[in-house]
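A.B. asks: Here's a structure for you.
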Amino acid sequence: MSPATSDPISLTRFLIEEKRAGRINPELRLLIEVVARACKRISVAVGKGALGGVLGDAGSPGAASINIQGEAQKKLDVLSNEILLEANAWGGHLAALASEEMDHSQPIPDVHPRGNYLLLFDPLDGSSNIDVNVSVGTIFSVLRCPEGVTTPADEHFLQPGTAQVAAGYCVYGPQTTLVLTVGHGTHAFTLDREVGSFMLTVRDMRIPEDTREFAVNASNQRFWEPPMQAYVGDLLAGKDGPRGKDFNMRWIASMVADVHRILTRGGIFSYPLDSKCASKGGKLRLMYEANPMSFLVEQAGGAASTGRQRLLEVQPTGLHQRVPVFLGSKREVEVAVRYHLAHA
Ligand code: AHG
Ligand code: MN
Ligand code: MN
Ligand code: MN
C-alpha cells in the first residue's frame, strides 16, 4: 500500500488522469463524480444526526415503511435513496437505476437524456447502526446498458459481477472515505470537509494474503451449515487447534465498515448461508452489496466467494437476489472455501 504523494490529488484530477490513460470514458467519469457528490450530501445528513431530524424509522407510528426485503426503512435509508436518485437523474450518463430501497429498477425519465450505464446502489448500508452513531455507508455498482436497449428493465441489470465497469463505497465514519475501482486497482479518497473535495489518500490498496482476524455474526452459529460450523470451530480453537494460530474477531454489522477494515488491514468477512436465510439464498444482496464489494476486494489482491463459487461469476436471477459471502485475505478465503467444498 503506497501512501498518497505530497502532491494532493483530488478525485476530479484522479478521474481526469484515468480518462487520459484510457481507463474510463467521459460519461463514466461524470457518473462517478455525480455519485461522489451525492455521497457528500448523504455524509452531511448522516453527520447532522438528531440535529437534522434524520434519525429513527421512516413512515408513521403504527405504519412502518417496509422495503421489498421486508425490512423497516429508516429515515436515512429513504433520504439517501432520494439524494442518489435526484443527483443521477439529469446528468445524461445513466440509462436506469436500481436500489435496495426500490422494488424495481427505474429508467431515467424521458424528460432527461439517457446514457449508456446502469447504476445499482445500497443507499445506506448498516441501517441498524444509524441511530447509535456507528459507521454506515453507501455502496454502488456500475454496469453497461446492453446494446440496443432504450428503456432498461430489471432483466437488463442481471449481469454477473465480472461485467461491472466500476464499483465503490463511501463510509461515513470518523472520516468520510470513498473507495473506488474502475478495474485498475482499488483507491481510497478521504473527504476534506473544509474544502469539500475527496482527496486521494491511498493509491492501490492491498489486502494482506494471510490474516488472524475474522468477521461474522456469531449469534447465528446454531443456524449455520456444517462446513461453516467446522471452519469457525477451528478458528476459535486457536494456536492449539488445526489452524495453529490465535484469531481475533470483529463485527461492526455495517458491511461497508467491516469491508473497509479488511481493505485496510486484512481479515475475512463472512455472511454465510444459515437456516434462517436459506430460503432466500443468504442475507446480503448480490447486485448492490456482494458484487461491488467483491470487485473492490479482488482489485486489492483479495478474494471473494460464495463458499462454493467465485462470487463475481454468479449469474444473477433477480435484482434483490441474496447470496452467501466470504471475502477478504486471499489465503483465508481459500481456507473457508476448502471447508465448504469438503462438505459438498
Ligand atoms: P442494510 O442496512 O443495507 O440493510 O445492510 C445490512 C447488512 C450489512 O450491512 C451487515 O453486514 C449485515 O446486514 C448485518 O447483519 P446482522 O444484523 O445480521 O449482523
Ligand atoms: Mn436494509
Ligand atoms: Mn446493506
Ligand atoms: Mn441499505
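Any read-out appearing in this document is the output of simple, stated calculations on the displayed coordinates, not a laboratory observation. All figures in this text were calculated on a predicted structure; none of them were measured in a lab. Don't worry about glycine lacking a Cβ; one is built from the backbone with ideal geometry, like all the others, and counts go over all protein chains shown.
A.B. asks: I need the shape label for the range 212-260. Rule: rounded when a/c is under 1.5, else prolate if a/b > b/c, else oblate, with a, b, c from the alpha carbon gyration tensor.
C.D. replies: Note, shape of the range 212-260 comes out oblate.
A.B. asks: Which ³J(HN,Hα) values in Hz, rounded to whole numbers, follow from the phi angles of the range 84-95 under the Karplus curve 6.51 cos²θ - 1.76 cosθ + 1.60, where θ = phi - 60° and Gly and Pro get x?
C.D. replies: Taking θ as phi minus 60°, the curve returns 5, 5, 5, 5, 9, 5, 10, x, x, 9, 10, 9 Hz for the range 84-95.
A.B. asks: In addition: Is it possible to state the helix-based mean residue ellipticity at 222 nm for the chain, with each DSSP H run of 4+ residues giving -39500 (n - 2.57), the sum divided by total residues, to the nearest 500 deg cm²/dmol? What is it?
C.D. replies: Estimated from H runs of four or more residues: -8500 deg cm²/dmol.
A.B. asks: Let me know the longest stretch in the chain that avoids all GluC sites (Glu not before Pro) found in a DSSP loop with at most 16 other C-beta atoms within 10 Å.
C.D. replies: That would be 210-344.
A.B. asks: Next question. I'd like the FRET efficiency for ALA253 and LEU51, computed as 1/(1 + (r/R0)^6) with the beta carbon distance as r and R0 of 35 Å, rounded to 0.05.
C.D. replies: E between ALA253 and LEU51, to the nearest 0.05, is 0.90.
A.B. asks: Taking amide H atoms as placed 1.01 Å from N in the peptide plane, list the residues 5 or more away in sequence, or in a different chain, whose amide H sits under 5 Å from that of ILE268.
C.D. replies: HN-HN under 5 Å from ILE268: GLU213, PHE214, ALA215, SER329.
A.B. asks: Projecting each Cα onto the charge dipole of the range 11-128 (Lys/Arg +1, Asp/Glu -1 at the beta carbon, about the Cα centre), which of LEU94, PRO123, GLN73 comes out farthest on the positive side?
C.D. replies: Projecting each Cα onto the dipole axis, the largest value belongs to LEU94.
A.B. asks: Classify the range 184-316 from the C-alpha gyration tensor, please: rounded if a/c falls under 1.5, else prolate or oblate depending on whether a/b exceeds b/c.
C.D. replies: Cα axes put the range 184-316 in the prolate bin.
A.B. asks: Which semi-axes, in whole Å and largest first, does the equivalent ellipsoid of the range 1-157 have when worked out from the alpha carbon gyration tensor as the square roots of 5 times its eigenvalues?
C.D. replies: Result for the range 1-157: semi-axes of 29, 23, 12 Å.
A.B. asks: Ok, one more. If R₀ is 22 angstrom, what is the calculated FRET efficiency for the pair LEU158 and ARG310, using the beta carbon separation as r and rounding to 0.05?
C.D. replies: Here the calculated transfer efficiency is 0.80.
A.B. asks: For the pair ASP131 and GLN221, how long in nm is the line joining their label points, each one 7 Å along Cα→Cβ?
C.D. replies: In this crude label model, ASP131 to GLN221 measures out at 2.9 nm.
A.B. asks: Are there cysteines in the chain with no second cysteine's Cβ under 4.7 Å away, and if so, which?
C.D. replies: That list is CYS145, CYS277.
A.B. asks: So which residue, out of PHE121, PHE247, PHE295, gets the largest mean-square fluctuation from a GNM of the chain using Cα contacts under 10 Å as springs?
C.D. replies: PHE247
A.B. asks: Under a GNM of the chain (C-alpha, springs under 10 Å), which listed residue has the highest mean-square fluctuation: ASP204, ASP274, ASP192?
C.D. replies: ASP192
A.B. asks: Here's another thing I want to ask about it. So if we plug the beta-carbon distance of ARG144 and LYS239 into 1/(1 + (r/R0)^6) with R0 = 45 Å, what FRET efficiency do we get, rounded to 0.05?
C.D. replies: 0.40
A.B. asks: While we're here: Need the C-alpha centroid separation for the range 40-72 versus the range 105-136, integer Å.
C.D. replies: Each part's Cα centre sits 14 Å from the other's.
A.B. asks: In the range 186-271, what % of DSSP beta bridges are antiparallel (nearest 5)?
C.D. replies: 55
A.B. asks: Sum up the lysine pairs in the chain that clear both bars: alpha-carbon distance under 26 Å and a spacing of 8 or more or different chains.
C.D. replies: 14
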